[in-house]
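Worksheet for the structure shown next.
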Amino acid sequence: MAAAAETTLKPRPRLPEWLRARLPTSDTFARTRNLLDELKLHTVCESAKCPNHWECWSKGTATFMIAGDRCTRACGFCAVATAKPFALEADEPARVAEATRRMRLNHVVITAVARDDLPDGGAEHFRQTIEAVRALNPDIVIEVLVPDFNDREESIDTVLAANPQIFNHNLETVRRLTPTVRHRATYDRSVSVLRKVKAKRRGTIYTKSGVMLGLGETDEEVLAAMEDLRRANCDILTLGQYLQPTLRHLPVVEFVPPEKFIELKRAASRLGFAHVASGPRVRSSYHADEFALPARLSA
């Protein structure tokens, strides 16, 4: 048994220089940590072991993860715990709103674990959180990063009823690798969610998606994924390097060099994406506020 475990849990490869980040020295990190602890809030920064959370928290930003920190899926890339979730907390929307107020955020990203145990997948909890945040912060740009809700029309409509300015759902990887990378998710379902959102709201909302690189995909497969997203009228794209969060997760097949990310950004821009963030350390909500929302949507 020990020998089998040693064979399975291979040591992670050393990070290349371009992925190494210097730890910040400002006291803003501690203030952000204390605020999140005080309000008993989860962040995807911690739960998903995001390598950028030192930088983001040191700038006073965070991605709030609602509906608990237990996911009903077990994706091969994600460090969020898979377990039977606890009941939703009725006061969580108000706590998220208070955190955004105290942090003086201009742009907030709200995500959630997959809640396949709930009839609506947690959509109503998203709606309540968006509305609570906007009530305390009328001018804030609200971006949601949602699970696929099993492509339920009613759940999508529930989230849209709260009028987020940006609706993000990540494709995560190319078609061929989806069965291995994303537990219980499908490639076409994710594209369908984005297509439906854009069809329902057209120019009144921006749709967004992200793809991880370094899992064994080819350039041709990445280009095909970008083309599929554009056919669904997806506006914003993020491309970043996959990093293995623990030894029990999918291994990194390749560390994609920065030059490749620049090349892919050019290709994505040629396809017509309104904004592309592409780089080794890019994550779905990393520097999300760098996309300047036009006045017609930010009001």
Derived scalar couplings ³J(HN,Hα) [segment 97-109; Karplus, 6.51 cos²θ - 1.76 cosθ + 1.60; whole Hz; x for Gly, Pro]: 4, 5, 5, 5, 5, 5, 7, 6, 6, 9, 9, 10, 10
Beyond a 31 Å Cα-Cα separation, which of these cross-linked pairs lie in this structure: LYS208/LYS260; LYS200/LYS265; LYS40/LYS84; LYS200/LYS260? LYS200/LYS260
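Send over the per residue convex hull volume for segment 163-299, Cα only, as a whole number of Å³.
For segment 163-299, the hull spanned by Cα atoms encloses 111 Å³ per residue.
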Report the per residue volume, in Å³, of the convex hull enclosing the C-alpha atoms of segment 199-263. 109 Å³
What does the accessible area per residue of segment 153-292 come to in Å², with a 1.4 Å probe and no ligands, DNA or RNA counted? 42 Å²
Which residues qualify? For ILE66, with a placed amide H closer than 5 Å and at least 5 residues away or on another chain, they are THR111, ALA112, VAL113
Amide H neighbours of HIS107 under 5 Å, counting only residues 5+ apart in sequence or on other chains, H built in-plane at 1.01 Å? VAL141
Segment 238-280, Cα convex hull volume normalised per residue, Å³: 72 Å³
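So, for segment 72-133, what is the accessible surface per residue at a probe of 1.4 Å, expressed in square angstrom? Present the calculation step by step, with values, prior to reporting the outcome.
Numbers: 2650 Å² over 62 residues.
Per residue, segment 72-133 has 43 Å² of solvent-accessible surface.
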If each K or R counts +1 and each D or E counts -1, the residues other than GLN128 whose Cβ falls under 12 Å of its Cβ total -3
Order MET226, MET212, most accessible first, counting only protein heavy atoms with a 1.4 angstrom probe. MET212, MET226
What's the carbon and sulfur percent of segment 122-177's accessible surface, probe 1.4 angstrom, rounded to a whole number? 48 percent
If you project the alpha carbons of segment 87-157 onto the principal axes, what extent comes out on each, in Å, largest first? 34, 22, 16
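The values are calculated or read from the model by the stated rules, or taken from the named source; none is laboratory data. If you're wondering where the values come from, they're calculated on a predicted model, not measured in any experiment. Using ideal geometry, Cβ is built from the backbone for each residue, glycine included, and neighbour counts are taken over all protein chains shown. Quick note on the areas: whole protein, heavy atoms, side chains included, nothing else; ligands and nucleic acids left out. Shrake-Rupley method; radii C 1.70, N 1.55, O 1.52, S 1.80 Å.
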